[in-house]
Amino acid sequence: MAGSEETLKKKLQDENEIAESHETRTLTNKLKISKESLTYSEKIQDKGKEPPEPLWTTFADSVVKLRIDHSCSQTPITVHQMFKETVDKYGPLNAMASKKNGKWEKITFAEYYNLSWKAAKSFLKLGLERFHSVAILGFNSPEWFVSAVGAIFAGGIVTGIYTTNSPEACHYIAYDCKANVIVVENQKQLDKIMQIWSRLPYLKAVVLYNDSLSERHPNLYTMEEFMELGNEIPNATLNDIISSQKPNQCCVLVYTSGTTGKPKGAMLSHDNITWTAAHASRAGDMQPAEIQQEIIVSYLPLSHIAAQIYDLWTGIKWGEQVYFAEPDALKGSLVNTLKEAQPTSHMGVPRVWEKIMEKLKDTSAQSGFMKKKVLSWAMSISLERNLSCSGSDLKPFRTRLADYLVHAKIRSALGFSHCQKHFSGAAPVTTETLDFFLSLNIPLYQAYGMSETTGPHCMSGPYVYRRHSCGKAVPGCKVKLVNEDADGNGEICFWGRTVFMGYLNMEDKTKEAIDDDGWLHSGDLGRLDKDGFLYVTGRIKELIITAGGENVPPIPIEDEVKKELPIVSNAMLIGDQKKFLSMLLTLKSALDPDTSDPTDNLTEQAREFCQKIGSKATKVSEIVATRDQAVYQAIQEGIDRVNMKSTASVQHIQKWTVLERDFSISGGEFGPTMKLKRLAVLEKYKDEIDSFYKE
């Protein structure tokens, strides 16, 4: 026992030292940055003048200079001012709809505002300090929205935590953002926080919103209890805090997924949120409620900026009605919500659109001969028409006929009968996916940006669309390319009101991201056409530099392999500092309906591919274990075709292997938004990769 007590004391002492060193480092850095960050703004000319506001900071309680010019001169406002304007215009309209006991319950904007006000007073009662965080760990819901808005009203910062995070990953974020309160969805998420609570010195309370308490703990509340806590806080107290808020202060923290190192907390100001919600959405043709109340379905993680700006903040700005999907949305229930909500606009990450495509292809594979024939005819007619946007008078008639007979029924089955805009963001979308939906008369409008640009900095829409392009910079924003190569590809850089304040407590990373002239460097490669449309062509850190020094962008080659081989689900190119390129492949497999993890069973589309080439395989394991001759030969032939199309022999895939399991979030190959974690894959499949390069 004595030994264990000493161990415990030592552990507590170490943690106290870590906390103290963190505080000391913070103070030291703050003194440095007060001088150094002025490099990014105007220099002080006279010592007697007040120091100008810098363009960046790494402290949550600091202010920054807003990037206001004639092209984006909207008067800066706070989140509260934006919401107050919305209540004045759209107060009686329904703002949120969530299903309780099988029935949709709706909340108006006026009610939404009042609930956020009550939540703000309750946060104050729990001791929320200015510029400390309310962290939210749960699936999308009215409680998530109300907690987020209430936290900002109360002078705090809202910080989302991915529901897939481990307890240690939750600890890293909750400690870094100085969370005073954590709002959790259910017992599963609560258990994570209970494991780490003792190591969170700033945490004062936890609120549970979708479960009853299995046992009582001090400073642990249900949502119902929490909402009544602040009744005794005077309205004047909250009003004073709201009045003191400035548009150039931090109100939102978005943590990067940590695919290239520790997660970074991107600090977003009130102006970042309110300006982007207004202007990026209009660039995508989202309508104000006085013209048409937009209906959207919220289901992507709100801890990611794409969903948060699209669902929460744009929803407030333009008076949209937000329907909340069920927590198992991505396991199959999303389509049911879409059918009931009938959204006018829908956003998905590429993997969501791919899953819809695969499901439709599987359904088609099981159809009769005539149905297949009609579908193929309708899709080819529409794709040809949409790609050419011209032709004889006969084509529009055939296109309308195809749409009436086939496509309208498919859109109805997907819940898209009233959907006018279909957006894709957060990662590149493949040509196969773009063309598939275009053949259903569903153009996917790509958006492009980062957590550091408050989401979309470039937008496509019904009037700004080119295939493969992510559109143009939002009016009022700027894009430029640096270090362009002979083909016009360079690093994409951003300027505008979307650009973040800086990374919390990370001076070096902030300096890496924002240059001396204040431009944000994306780390992405792209090219601009003569009309200002941006095409993202790769990522600098993902760029493969072979042992011979040749630069090879992996994504176009990976996409080409998937296009040539319908059985392939994921393809990852290998070859950094290697003599030649190789590739890891996974096969399309059915998902477990309960966990969404890949199973061993091939999809209908993959089985159909096998049958066509003379293989009887129905499982991934059968193909891999026996190195199925027909399948492996077909894969080699597909890779040979890809190699023939390449511009140089250095881009040829020399070796490849098929993995036993498809990539997934649970497997560690994907992040929470289904973005490929290349470093994690390299580590996980090190043995397979090493075998490519053995002499």
Check your understanding: Do you know which residues across region 523-532 are in a loop (DSSP other than H, G, I, E, B) and within 15 Å of I492 (Cα to Cα)?
Key -> D529, G532
Point to revise | Top-ranked residue of region 170-198 - restricted to ones that are more than 30 Å from V63 (Cβ to Cβ) and among the aliphatic types (A, V, I, L, M), ranked as surrounded by the fewest Cβ atoms within 10 Å (Cβ to Cβ) | key: M194
Revision key, fill the gap. Counted residues in region 115-168 being among the small types (G, A, S) and modelled with pLDDT under 95 come to 1
Exercise for review: Sort out which residues of region 424-440 are part of a loop (DSSP other than H, G, I, E, B), at pLDDT 90 or above and not small (G, A, S), and write them in order of number.
Suggested key: L440
Review point. Mind checking which residues of region 327-372 are at pLDDT 85 or above, small (G, A, S) and closer than 22 Å to M674 by Cα?
Key: A329, S333, S345, G348
Revision key, fill the gap. The correct count of residues that are in contact (Cβ under 8 Å) with a residue 40 or more places away in the chain, out of contact with any Leu (no Cβ under 7 Å at 6 or more places or on another chain) and within 29 Å of S98 (Cβ to Cβ) in region 198-213 is 3
Practice item. Determine, yes or no, whether E384 is over 29 Å from G102 (Cβ atoms) and free of Cβ contacts under 8 Å to residues at least 60 places away in the same chain. Key: yes
Point to revise | Residue check, Q287 more than 20 Å from the chain's Cα centre (by Cα) and not hydroxyl-bearing (S, T, Y) | key: yes
**Study point:** Residue among Y112, Y40 that alone is surrounded by 20 or more Cβ atoms within 10 Å (Cβ to Cβ) and modelled with pLDDT of 90 or more
**Key:** Y112
Practice item. Would you mind telling me which numbered condition in (1) farther than 22 Å from D662 by Cβ; (2) out of contact with any Gly (no Cβ under 8 Å at 6 or more places or on another chain) Q308 fails? Key: (2)
**Study point:** Residue within region 597-606 that is over 27 Å from D576 (Cα atoms) and assigned to a loop (DSSP other than H, G, I, E, B) present
**Key:** yes
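Results for (1) more than 30 Å from V642 (Cβ to Cβ); (2) part of a strand (DSSP E or B), shown as yes or no for each residue.
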| position | (1), (2) |
| --- | --- |
| L481 | no, yes |
| V499 | yes, no |
| T510 | yes, no |
| H521 | yes, yes |
| P566 | no, no |
| L584 | no, yes |
Check your understanding: Here are some conditions: (1) out of contact with any Ser or Thr (no Cβ under 6 Å at 6 or more places or on another chain); (2) part of a helix (DSSP H, G or I). M82 meets all but one. Which one does it not meet?
Key -> (1)
Check your understanding: Of the residues V352, V374, V335, which is in a helix (DSSP H, G or I), buried (at least 17 other Cβ atoms within 10 Å of the Cβ) and either in contact (Cβ under 8 Å) with a residue 24 or more places away in the chain or of a type in the set (V, I, T) (or both)?
Key -> V352
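The values are calculated or read from the model by the stated rules, or taken from the named source; none is laboratory data. In this text the structure is predicted, and so the values were computed from the model without any measurement. Ideal geometry is used to build each Cβ from the backbone, glycine not excepted, and the neighbour counts take in all protein chains shown.
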